[in-house]
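This report refers to the structure that appears directly beneath it.
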Amino acid sequence: MKTAVLLMLCLFAAGCAPEPWLKPYERARLADPVMAMDRHPASSAYQHHVHQAREGARGAEGGSGGGCGCN
Amino acid sequence: MQLTSLLLVVLLLSTWGHAAVLPEQRADALYHRYEGGGMTIDGPSVLVRKNIAERVSLSANYYADKVSAASIDVVTTASPYSEEREEHSVGADYLAGKAIYSIKWTQSEESDFSARSLSFGASQDFFGDLTTLSFGYARGDDTVRRSGDPAFEEEAVRQQYRMGVTQVVTRNLLVALSHEFVTDEGYLNNPYRSVRYLVGSGYSFQSEVYPETRTSEATALRASYYLPWRAGLHLEHRLYSDSWGVASKDWGLVLVQPWREQWELEFRARHYDQGAADFYSDLFPFQDAQNFLARDKELSTFTSTSFGVAAGYTFFKGRWKHADRFMLRLSLDHYQFDYQDFRDIRVAVPVAGQEPLYGFSALVTQALFSVWY
């Protein structure tokens with residue numbers, strides 16, 4: 001399994017990737033700001049902090065991560 | 001671990017092309033306020049990001065909050081207090097072809113708690129730029145003190161490992177899967193918190209006792225869909241579990257709807273559902289009933305549901321030489337927390353353990369001023 005994954009990555013890294021199914025000009029909607037998962041980083045970092053301080057769960061919040069300095 | 005190292009080598013060696021982009025250059029000034037459950041927490045956050053030579057993006061953040069606390073924990077086991085916390089962070093992102101490497105340093109200070117954290121990240125576009133892989137590592141060092149007890153000082157170390165993949169599925173759909181593993185070691189208690197135990201038909205208190213290690217895993221799936229009338233629909237689902245027995249799941253839904261040229265409206269809903277830690281109890285049967293003892297409501301069984309709305313107004317677009325545009329954004333979120341095994345002991349009852357279950361609501365307000373340049 002590990003070998004297969006590595007082999008695939010090496011092939012793709014060497015430029016053997018398959019033809020992408022979306023051309024760059026077909027990605028205009030995806031580049032629209034309404035599609036950004038983290039539109040306002042200062043606000044979303046604060047919102048994550050509100051959750052982390054009151055909930056047992058932590059991690060995989062999206063955004064840059066890297067520790068909130070809260071307990 | 002060996003596979004991870006090899007993957008990183010492959011990522012480092014395969015940096016070519018010009019697909020990845022640095023974050024936007026912008027400055028944000030945020031005022032935030034949380035009010036609910038007897039707590040009021042407010043303060044500013046300022047985030048500035050500036051690019052150098054289109055290869056490096058530098059960021060700096062100042063965050064502060066001032067807490068006035070008269071929460072249920074405080075009024076039942078301590079005295080109301082107020083305190084301030086300040087957090088500073090600086091970061092840099094380096095763009096190399098289709099890869100972005102990031103580093104960030106964060107330092108947080110309050111009178112009885114200090115935290116320092118250093119994080120690294122790497123992301124790489126693959127497969128015709130339809131796939132982005134990312135990895136991250138962070139290490140945090142906490143120092144815990146206790147007000148009024150100068151001899152008390154304890155340490156804790158936190159390490160976080162992240163990986164994620166973002167996939168372009170169709171011209172309208174983006175999907176992202178992320179996983180984070182966190183491990184803590186050291187003093188993980190809150191030094192002020194107590195548990196209660198039964199004494200006759202009443203109760204008494206003793207200090208909480210937590211394990212000195214904790215490991216957790218969280219997996220999140222996010223999807224963003226472009227709606228035909230130009231709006232973004234974002235869905236999120238996260239699963240969480242840890243070695244303390246806490247398990248949770250949450251769902252989130254956000255609709256981003258532009259209106260006319262200048263307005264950006266946002267509607268959101270979120271539901272969080274958690275099961276308690278193995279060593280949590282609202283009322284232990286006797287003193288020292290078990291090795292580990294917790295009555296922290298964040299470790300109890302509860303649900304939290306929130307609804308929010310935000311409106312942003314863009315102005316002076318393209319009218320200034322050194323600024324592309326400005327935005328003012330106001331945001332409100334209403335939270336409802338309902339606890340299933342944490343009782344409101346402010347209510348006097350004949351026999352301990354018969355108090356009503358606790359619940360509270362909170363309002364989160366944010367005012368954001370942003371400038372893009």
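By its C-alpha gyration tensor, with a ≥ b ≥ c as the square roots of the eigenvalues, how is the range B:150-210 shaped: rounded for a/c under 1.5, else prolate for a/b larger than b/c, else oblate?
Cα axes put the range B:150-210 in the oblate bin.
Would you please name the GluC sites (Glu not before Pro) within the range B:215-261 that are DSSP coil residues with at most 12 other C-beta atoms within 10 Å of their C-beta?
For GluC sites (Glu not before Pro) across the range B:215-261 that sit outside H, G, I, E and B with at most 12 neighbouring Cβ atoms in 10 Å, the list reads B:Glu261.
May I ask you to compute the full-extension gain from B:Gln206 to B:Leu58, defined as 0.36 nm times their residue separation minus their alpha-carbon distance, rounded to one decimal in nm?
48.5 nm
Considering the alpha-carbon set of chain B alone, what are its Rg and its Dmax in angstrom?
Over chain B's Cα set, Rg and Dmax evaluate to 23.3, 75 Å.
Between B:Arg230 and B:Gln336, what is the label-to-label distance in nm when each label sits 7 Å out along the Cα-to-Cβ direction?
About 3.6 nm separates the two model spin labels.
Report the relative contact order of chain B, percent, no decimals, based on alpha-carbon pairs under 8 angstrom and at least 6 residues apart.
12 percent
Each residue of the range B:198-215 in order: what ³J(HN,Hα) in whole Hz does its phi give by Karplus 6.51 cos²θ - 1.76 cosθ + 1.60, θ = phi - 60°, with x for Gly and Pro?
Each residue's phi maps through the Karplus curve to give 6, 10, x, 9, x, 8, 9, 10, 9, 5, 5, 10, 10, x, 9, 9, 7, 10 Hz.
Taking 32 Å as the cut-off for C-alpha to C-alpha distance, list the pairs among A:Lys23/B:Lys317; A:Lys23/B:Lys321; B:Lys66/B:Lys321 that go past it.
Long pairs (Cα-Cα over 32 Å): A:Lys23/B:Lys321; B:Lys66/B:Lys321.
For the protein assembly as shown, what is the charge dipole size about the Cα centre, in debye to the nearest 20, if Lys and Arg each add +1 at the Cβ and Asp and Glu each add -1 at the Cβ?
Dipole about the Cα centre, nearest 20: 1800 debye.
If you take each beta carbon of peptide B:286-298 and count the beta carbons of other chains within 10 angstrom, what is the mean?
1
Taking 0.36 nm per residue of sequence separation and subtracting the Cα-Cα distance, how much length would be gained by fully extending the chain between B:Ala70 and B:Val309, in nm to one decimal? Mind showing how you got there, number by number?
Details: separation 239, 0.36 × 239 = 86.04 nm, distance 2.75 nm.
Going from the current span to full extension adds 83.3 nm.
Does anything in the range B:140-182 have its amide N under 14 Å from the 7 Å Cα→Cβ label point of B:Phe292, and if so which residues?
Residues passing the 14 Å test: none.
Mind putting a number on the dipole of the range B:313-373 about its Cα centre? Charges go on the C-beta only, +1 for Lys and Arg and -1 for Asp and Glu, and I need it in Debye to the nearest 20.
720 debye
To the nearest 100 Å², how much accessible surface do chains B and A cover up together, summed over both, with a 1.4 Å probe?
On the way: alone 20610 and 6710 Å², together 21600 Å².
About 5700 Å² of accessible surface is lost on pairing.
What residues of the range B:354-369 lie in the reach of a label at B:Arg319, counting those whose backbone N is under 18 Å from a point 7 Å from the Cα along Cα→Cβ?
Output list for this probe position: B:369.
Between B:Asp42 and B:Arg346, what is the label-to-label distance in nm when each label sits 7 Å out along the Cα-to-Cβ direction?
It is 2.1 nm.
Kindly express, to the nearest 10 degrees and within the range 0 to 90, the angle between helix B:2-13's C-alpha long axis and the longest C-alpha principal axis of chain B.
30 degrees
Using helices alone, what [θ] at 222 nm do you get for chain B, with -39,500 (n - 2.57) per DSSP H run of 4 or more residues, divided over all residues and rounded to the nearest 500?
The per-residue figure over chain B is -1500 deg cm²/dmol.
What's the FRET efficiency of B:Arg33 with A:Ala28 using the Cβ-Cβ distance as r and R₀ = 35 Å, to the nearest 0.05?
Values: r = 38 Å, r/R0 = 1.08.
That pair, B:Arg33 with A:Ala28, gives E of 0.40.
In angstroms, what radius of gyration and Dmax does the protein assembly as shown have, counting Cα atoms only?
Cα only, the protein assembly as shown: 23.4, 75 Å (Rg, Dmax).
Treating the beta-carbon of each Lys and Arg as +1 and of each Asp and Glu as -1, no other charges, what is the dipole magnitude of the range B:47-112 about its Cα centre, to the nearest 20 debye?
On the way: 7 positive and 11 negative charges, 129 e Å.
It comes to approximately 620 debye.
Placing +1 on the Cβ of each Lys and Arg and -1 on the Cβ of each Asp and Glu in the protein assembly as shown, which of B:Ala231, B:Pro211, B:Ala60 has its Cα farthest towards the positive end of the resulting dipole?
B:Ala231
The values are calculated or read from the model by the stated rules, or taken from the named source; none is laboratory data. Values in this document were obtained by computation on a predicted structure and should not be read as measured data. Cβ sites come from the backbone with ideal geometry, for glycine too, and all protein chains shown count toward neighbours. Quick note on the areas: whole protein, heavy atoms, side chains included, nothing else; ligands and nucleic acids left out. Shrake-Rupley method; radii C 1.70, N 1.55, O 1.52, S 1.80 Å.
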